[in-house]
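The values are calculated or read from the model by the stated rules, or taken from the named source; none is laboratory data. None of these values were measured; they are calculated from a predicted model. Note that each Cβ is placed from the backbone with ideal geometry, even for glycine, and that neighbours are counted across all protein chains shown.
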Amino acid sequence: MNVLMKQYNWVSSTREQLFRYCETLNPADYIKELGEFGGNSIRNLHVHVAECYQSWLGIFGLKKNITLVEPSSVNKVQEIRQIFNEINNLVYEFINKFEGNWDYILTGYVPWSHQEEGLTAMWLYTHTITHEFHHKGQIVSMGRQLGYIPLDTDLIAPSELKKFNIDLY
């Protein structure tokens, strides 16, 4: 199996743990904006992570015409879970396209910097998964602030995942 595919499967299994945790939240708390986090909600951070994958891997890397997900289109964990099923397909397509050519430089316009940028396929892949883990930590902190005790959302050992019927291979 492709090593980056395996790595991404670990990322998505950890995301599944986070979704299971978020499903224990009151739906109003899932979309509640917290001032301590710049007015973001857990939902908004989930959407932001999805947008990152769409923007960097889909639009910048694969040159796809993608409409970015909007926070207003997501009100429940199940809805963002469905969006991430699409993100998974996008990531698998990206990995398959650049397999063996990770130093390939892609160029594109970055709207927030108002300039063209050249980035390797490996940078794009690495940025998106580390970006997700950064915001996963914020989501867990937000849940704690709202009074919920989080599940372990760190990268879970494969033997532990079998307890949840999650197969990484």
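Residues in segment 21-36 that are among the aromatic types (Phe, Trp, Tyr) and in contact with a Leu (Cβ under 8 Å, 6 or more places away or on another chain): Tyr21 only.
Candidates in segment 94-107 are the residues that are of a type in the set (A, V, I, L, M) and either outside any strand (DSSP E or B) or in contact with a helix residue (DSSP H, G or I) (Cβ under 7 Å, 6 or more places away or on another chain) (or both); of these, the one that is nearest to Gly61 (Cα to Cα) is Leu106. Note on segment 1-86: enclosed helices (runs of 4 or more DSSP H) holding 2 or more residues that are within 21 Å of Gln145 (Cα to Cα) and aromatic (Phe, Trp, Tyr) are 3-22. In summary, Trp102 fulfils each of the numbered conditions (1) surrounded by 15 or more Cβ atoms within 10 Å (Cβ to Cβ); (2) under 19 Å from Asn9 (Cβ atoms); (3) out of contact with any strand residue (DSSP E or B) (no Cβ under 7 Å at 6 or more places or on another chain) with the single exception of condition (3).
Going through Ala121, Ala50 one at a time, which residue ends up being touching a residue at least 40 places away in the same chain (Cβ under 8 Å) and either in contact with a helix residue (DSSP H, G or I) (Cβ under 7 Å, 6 or more places away or on another chain) or not charged (D, E, K, R) (or both)? Among Ala121, Ala50, only Ala121 is touching a residue at least 40 places away in the same chain (Cβ under 8 Å) and either in contact with a helix residue (DSSP H, G or I) (Cβ under 7 Å, 6 or more places away or on another chain) or not charged (D, E, K, R) (or both). A Cβ distance below 8 Å, combined with a sequence gap of six or more or placement on separate chains, defines the contacts here; from segment 142-153, residues that are without any contact (Cβ under 8 Å) to a residue 40 or more places away in the chain reach residues that are assigned to a loop (DSSP other than H, G, I, E, B) in the pairs Arg144/Pro150.
For the structure I just gave you, tell me whether Glu23 is more than 12 Å from the chain's Cα centre (by Cα), closer than 20 Å to Ser141 by Cα and among the acidic types (Asp, Glu). Yes: the conditions hold for Glu23. One residue stands out in segment 108-125 among those that are assigned to a strand (DSSP E or B) and modelled with pLDDT of 95 or more: the one that is surrounded by the fewest Cβ atoms within 10 Å (Cβ to Cβ), namely Gly118.
In segment 45-79, the qualifying residues are those that are more than 21 Å from Gln17 (Cα to Cα) and among the charged types (D, E, K, R), and the one that is nearest to the chain's Cα centre (by Cα) is Glu70. The residues of segment 80-112 that are polar (S, T, N, Q) and either under 12 Å from Tyr53 (Cα atoms) or under 20 Å from the mean Cα position of the chain (by Cα) (or both), listed by number, are Gln82, Asn85, Asn88, Asn89, Asn96.
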